[in-house]
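One structure is given below, encoded as structure tokens.
What follows is calculated from the coordinates using simple rules that are stated; it is not laboratory data. Keep in mind it's a predicted model, so treat the numbers as computed, not measured. Don't worry about glycine lacking a Cβ; one is built from the backbone with ideal geometry, like all the others, and counts go over all protein chains shown.
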């Protein structure tokens, strides 16, 4: 799965939009579904006068994928306190308390932050354009960075690469942000006429089922591994797929770079129906192979071989064939579903 994301603006200037912090949260749930969150804190010194437009290139974006602005969630001080990991002294509304056009949170240990609603527009097959109205922000004479966040529901089980072995399942995440060498060939001319946003720090969160173990990670980027805070995330996300004690959060952070990449591998041991079926299949085939030499020496050449086969042997062959087909059926369904999504 290609996970090369590009954050850019259509206006080519010598002063690109500066993103102080970029958040990418990649959710994988146990029911084979996914969710991706993008959040951006834009420096107040790089904001235009009335409207900010930022584009995000998402390679796997499909027409049926759903996107949602998370402003309503973050305008709530309790949710923002949790997401930004800091207590909030007070919240100022940009529209006399209705909190529909923006809020400014005053944190205890960090600068003020203005949370603003956004409009999301599809541009082509793989690009989302985010429009942020700054008129109320300017009218309030706000002296704070702005922040917006949105979620995308992919129409695929996961955006990571999954490998299933006989006894082990593996998840591979290879996330890249603004890496120019990964620009698709057909997009080279397009991106040559755009400004990539300057990102000072990139936070990447892998949120995966807790029965996986980390087998490879980058020492310089991994900050923490913890169990998902069920109550807080249930209130913030409002997603029924979030179950208590089912997910872990793997937090990575990098800063001071023109581009960012995050690579991790997770595995889990599997002993389930597939393993039992495979064991049965191997035993049946082994039994048939052991039976054949003795049977071959006692064959009556004047009679059909099939008539001389014991009923038990024929039943064993049928069980072997059915077991083999049952073993392959999940892989066939998965391949068919993936082909349907691509078309």
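Give me the one-decimal nm value for the distance between modelled label points at residue 235 and residue 139, 7 Å along each residue's Cα-to-Cβ direction.
3.1 nm
Using only the alpha-carbon atoms, how far is helix 311-342 inclined from the longest principal axis of the chain? Give it as 0 to 90 degrees, nearest 10.
20 degrees
Taking other Cβ within 10 Å of each residue's Cβ, how do 29, 260 sort, fewest first? Provide the component values of the computation, followed by the final result.
Numbers: 29 20, 260 23.
So the residues, fewest neighbours to most, are 29, 260.
Take every Cα-Cα pair in the chain and report what % of them are more than 30 Å apart.
On the way: 28090 of 58653 pairs.
In whole percent, the share of Cα-Cα pairs in the chain beyond 30 Å is 48.
Taking the simple approach of a point 7 Å from Cα along Cα-to-Cβ for both residue 257 and residue 213, what is their distance in nm?
Going from the residue 257 label point to the residue 213 one covers 2.7 nm.
If one takes the longest principal axis of the Cα atoms in the chain, at what angle in degrees, from 0 to 90 and to the nearest 10, does the Cα axis of helix 273-297 lie?
20 degrees
Can you work out D for segment 52-168 in µm² s⁻¹ from Stokes-Einstein, where Rh is the Kirkwood radius over C-alpha pairs, the temperature is 25 °C and the viscosity is 0.890 mPa s?
On the way: Rh = 16.2 Å.
This corresponds to a translational diffusion coefficient of 152 µm²/s.
Given the rule -39500 (n - 2.57) for each run of at least 4 DSSP H residues, summed and divided by the residues of the chain, what is its mean residue ellipticity at 222 nm, to the nearest 500 deg cm²/dmol?
Details: 8 runs with 90 residues, N = 343.
-8000 deg cm²/dmol, from helical runs alone.
Give me the number: length gained by fully extending residue 269 to residue 162, i.e. 0.36 nm times residue separation minus the C-alpha to C-alpha distance, one decimal in nm. Could the numbers behind the result be given before it?
Numbers: separation 107, 0.36 × 107 = 38.52 nm, distance 1.37 nm.
Stretched out fully, the residue 269 to residue 162 stretch lengthens by 37.1 nm.
If you take the beta carbon distance between residue 112 and residue 326 as r and set R0 to 51 Å, what does 1/(1 + (r/R0)^6) give as a FRET efficiency, to the nearest 0.05? Before the final figure, lay out each step's value.
On the way: r = 60 Å, r/R0 = 1.18.
My answer for the efficiency is 0.25.
7 Å from Cα along Cα→Cβ at both residue 63 and residue 96: what's the point-to-point distance in nm?
For the pair residue 63/residue 96, the computed spacing is 4.4 nm.
When N counts the residues of segment 198-270, how does its alpha-carbon radius of gyration compare numerically with 2.2 N^0.38 Å, as a ratio? Mind dumping the intermediate values first?
Numbers: Rg = 13.9 Å, N = 73, 2.2 N^0.38 = 11.2 Å.
Output field value: 1.24.
What length, rounded to one decimal in nm, is gained on full extension from residue 14 through to residue 170, with 0.36 nm per residue of separation minus their alpha-carbon distance? Write out the running numbers ahead of the final one.
Values: separation 156, 0.36 × 156 = 56.16 nm, distance 4.36 nm.
Net length gain for the segment: 51.8 nm.
Report the per residue volume, in Å³, of the convex hull enclosing the C-alpha atoms of segment 107-217.
Details: hull volume 22.6 nm³, N = 111.
Spelled out: Cα convex hull of segment 107-217, divided by residues, is 203 Å³.
So how do 2-14, 145-157 stack up, highest first, on mean other-Cβ count within 10 Å?
Values: 2-14: 16.1, 145-157: 19.4.
Ranking, from highest mean packing down: 145-157, 2-14.
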